[in-house]
Amino acid sequence: MTTSNREDYIIAILKLTENGGVAKTTELAQFMKVSPASVSEMLKILSKDGLVEYAKYRGVKLTEKGLTEARLTRKRHHVVERFLIDVLDMDPSAAHEEASRIEHSISDEATINMCNMLGNPPDCDCQCCISPCKAVSTTGVSITMQLSDMRPGEKGKMSHLKSEDTLAVKKLLNMGFVPGREITLDSRDSEDSPSVVIVGTQTVVLEPELCAMVYIVVGQ
């Protein structure tokens, strides 16, 4: 059994049982476009792996382990699909098909970096993320703050972008604002004036509204 085949099944079960209840073998077979016998064999394997609770003639539902794995896979799909559409200008239909292939092989780390670049588009599967975003760290002296709130001379590493404006996100990405890059606020005359920011090794001038979209981890 391939990883992609297993993940396709648990995502299908997630879709069929998300409103509660269980999925019947025949229902899952129709959804997956395979024979009921094939579904029964796969469910035995998934049950052995601790991903589903399955009883013959009674149906199937995901265990907590299976639910987490399904949501992580679906989250990877959503992030990759949005990245292909918003950043690479791919046709939505083609992006969906491509994301369906990539979701099985992309790492969680790469997915999180993509999500940070996109501005952390939230959805119902974020609860399963292995590295939740937007939360202020409570360990050590690290804290995540907007670039617009930094003081001249303060520095840190970029955490993520947060904006529903895809054109603004693209502009910031093109200027070098990517997760993990060192950011220094060089100068700012006032709250309403542009900021001179050092991004890696280059210096850029950023308007206040763009500064508010950039989140920095400082104090590391």
Checklist outcome for this item: For the chain, the charge dipole (Cβ of Lys, Arg +1; Cβ of Asp, Glu -1; about the Cα centre) points to a positive end, and the Cα of GLY180, VAL205, PRO132 closest to that extreme belongs to PRO132
Next on the checklist: For LYS15, give me every one of the aspartates and glutamates with a C-alpha distance below 17 angstrom, ignoring sequence neighbours fewer than eight places off in its own chain.
Outcome noted: GLU7, GLU27, GLU53, GLU64, GLU69, GLU103, ASP123, ASP125
Checklist entry - Expressed in nm to one decimal, what extension gain is obtained for the pair SER35 and VAL204 from 0.36 nm per residue of sequence separation less their Cα-Cα distance? => result 54.9 nm
Checklist entry - Candidates [x] 26.8, 79; [y] 18.2, 60; [z] 21.7, 71; which is the computed Rg and Dmax of the Cα atoms in Å? => result [z]
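At a Förster distance of 35 Å, what's the computed FRET efficiency of LEU173 paired with LYS48, Cβ-Cβ distance as r, to 0.05?
On the way: r = 44 Å, r/R0 = 1.25.
Efficiency computed from Cβ-Cβ geometry: 0.20.
For the range 7-112, what relative contact order do you get, as a whole percent, if you take Cα pairs closer than 8 Å and at least 6 residues apart? Display every interim value, and only then the final one.
Values: 112 pairs, mean separation 25.9, N = 106.
That works out to 24 percent.
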Checklist entry - So what is the relative contact order for the chain, in percent, with contacts set as C-alpha pairs under 8 Å and at least six apart? => result 16
Checklist entry - Say we join alpha carbon atoms closer than 10 Å with springs in a Gaussian network model of the chain; which of VAL204, VAL79, VAL52 then has the biggest fluctuation? => result VAL204
Next on the checklist: Using all alpha carbons of the range 144-220, what is the percent of pairwise distances in each 5 Å bin, ordered from the shortest bin to the longest?
Outcome noted: 3, 18, 32, 29, 15, 3, 0
Checklist entry - So between ASN19 and ARG151, what do we pick up on full extension, going 0.36 nm a residue minus the alpha carbon distance? => result 42.7 nm
Checklist outcome for this item: Taking the chain and counting helices only, DSSP H stretches of n ≥ 4 at -39,500 (n - 2.57) each over all residues, the nearest-500 ellipticity at 222 nm comes to -13000 deg cm²/dmol
Next on the checklist: Sort 101-111, 58-68 by the packing proxy (mean of other Cβ within 10 Å over each peptide's residues), most packed first.
Outcome noted: 58-68, 101-111
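Bear in mind that the values in this text are calculations on the coordinates, not laboratory data. Predicted, not measured: the structure shown is a model, and the values here were computed from it. In this analysis, Cβ positions are derived from the backbone assuming ideal geometry, glycine residues included, and neighbour counts consider all displayed protein chains.
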